[in-house]
Amino acid sequence: MPNFITDTFTPPLLPFSEGGYDFLWEVLSPTSHYVLVRKEKVEFFITIKSKDNNHVIKGEKISRPSQVLFLQQALQIYASRAKCNALFSNLKPSKNSRKIKNSISKDINEQNHTSSDEIYIEIGFGSGRHLLYQAKNNPQKKVIGIEIHKPSLEQVARQRDALGLENVVLVDYDSRILMESLPSNSVEKIFVHFPVPWDKKPHRRVISDYFVEEALRVLKIGGALELRTDSELYFTYAVDTFLKNEKADVRIFKNFDLEISSKYEDRWKRLEKNIYDVILRNHQTSVEQEPLNTLHFDFYLNTDKIIDRFSPKLFKGEGFFVHFETLHTKGNEVVVIKTAFGANERAEHSFIIIDKNKAAYFPNNIYATKANKMAHKIIAEWLYE
Ligand SMILES: C[S@@+](CC[C@H](N)C(=O)[O-])C[C@H]1O[C@@H](n2cnc3c(N)ncnc32)[C@H](O)[C@@H]1O
């Protein structure tokens, strides 16, 4: 994460604009500031934490833009305005830090998929070798890559642009949450290659009962969820999970070569590890479900009351939770609450910004999944109390 440490800091007067970046406002808490920055349509926070005579200035994690260049440039501009004397800095854009031509999306349904689209999805594509191979060799398919690791998203976006692959859509979101937002009977293949095994925290695995249920709903008849792994534990876990279905068509292959080998695969092959494919084919049409809406707050709020009432809080419900973590304010004009909420094992991390008495999630829209809807109700009730 780009950041720098400075021993001089004169907070610049906001708002100001420079070099295509708008620095809009800042909110404070006893321990840190957030400054809201806008570049084109992308908004993100930079944070300032002060300790003794030093100030650490960096990108904020939840709102980190997919393009690191935006963060590096915003921090450079801010540092010069704040008359910082950098004791340490890693803000120099690397040679890869050119702007990406086609954006990385935060919303999979932004693409307006039609029923004639032939869709492949790859979850956790990492270096993107398999994803780009599929896109190049199947130009008629729309190949959607879902990743949470921003440097991988950025790297693959550059390769997509360089190869001119118009049929690749990259989405920056946790695939475990995203599955529920997709329309039913719409996808031909879902690839999950070499997922993180999470042997000690199995609840964090991409594959789960819930994921399989959603995958089967989303897949067309004859469509398949294809897991490839080197982990024997993950392999047996996936077989067990797939076989829990009433009607399961599961095929297993051992040490079967694909046309393209990923970085991870090359490593495991060098170590002579076994590689397993477990393929679950769908044979049923699911009840139609339109793409999910996103959640919004429709009412005006009294920020004074919220500021008075706020303390970190955890609400636990049946299968979901809401955690109000921190509060930052700009007088009583703007309130920023850092939250985590949603399904216990698939948390959303988001801010709630209340500006001019209207609340909104930031930086992303939040899908109205079952767990998110229940959490949103608690959040709205608490805000409105
Ligand atoms: C071990 S790497 C494998 C990468 C690639 N599939 C390959 O074979 O080289 C696992 C990838 O999954 C991504 N990942 C982990 N959890 C995810 C999630 N919930 N949604 C989307 N991607 C995820 C990680 O960021 C990482 O890039």
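The values are calculated or read from the model by the stated rules, or taken from the named source; none is laboratory data. These numbers come from a predicted model, not from an experiment. Neighbour counts run over all protein chains shown; Cβ positions are idealised from the backbone, glycine included.
List of remarks:
- Against the conditions (1) of a type outside the set (Asp, Glu); (2) surrounded by fewer than 18 Cβ atoms within 10 Å (Cβ to Cβ); (3) in contact with an Asp or Glu (Cβ under 8 Å, 6 or more places away or on another chain), Thr241 satisfies every one except (2).
- Filtered residue count, the stretch 320-349, keeping only those that are more than 16 Å from the ligand (Cβ to nearest atom), in a strand (DSSP E or B) and not charged (D, E, K, R): 15
- Residue count for the stretch 228-264, restricted to those that are more than 10 Å from the ligand (Cβ to nearest atom) and part of a helix (DSSP H, G or I): 12.
- Once the stretch 350-374 is narrowed to residues that are assigned to a helix (DSSP H, G or I) and without any contact (Cβ under 8 Å) to a residue 60 or more places away in the chain, the residue that is farthest from Val335 (Cα to Cα) is Ala371.
- Flag for Asp230 being closer than 20 Å to Lys254 by Cβ and without any contact (Cβ under 8 Å) to a residue 24 or more places away in the chain: no
- When the test is whether a residue is assigned by TED's automatic domain parsing to the domain that holds Glu118 and farther than 27 Å from Phe70 by Cα, Ile207 passes it.
- Look at the stretch 204-216: where a residue is under 15 Å from Val278 (Cβ atoms) and a partner is within 14 Å of the ligand (Cβ to nearest atom) and aromatic (Phe, Trp, Tyr), sitting 6+ places away or on another chain with Cβ atoms under 8 Å, you get Arg205/Trp198; Arg205/Tyr234; Ile207/Tyr234.
- Meets criteria (surrounded by 16 or more Cβ atoms within 10 Å (Cβ to Cβ), among the β-branched types (Val, Ile, Thr) and in contact with a Phe, Trp or Tyr (Cβ under 6 Å, 6 or more places away or on another chain)) for Ile353: yes
- Condition check for Arg158: charged (D, E, K, R), under 22 Å from the mean Cα position of the chain (by Cα) and under 17 Å from Leu292 (Cα atoms): no
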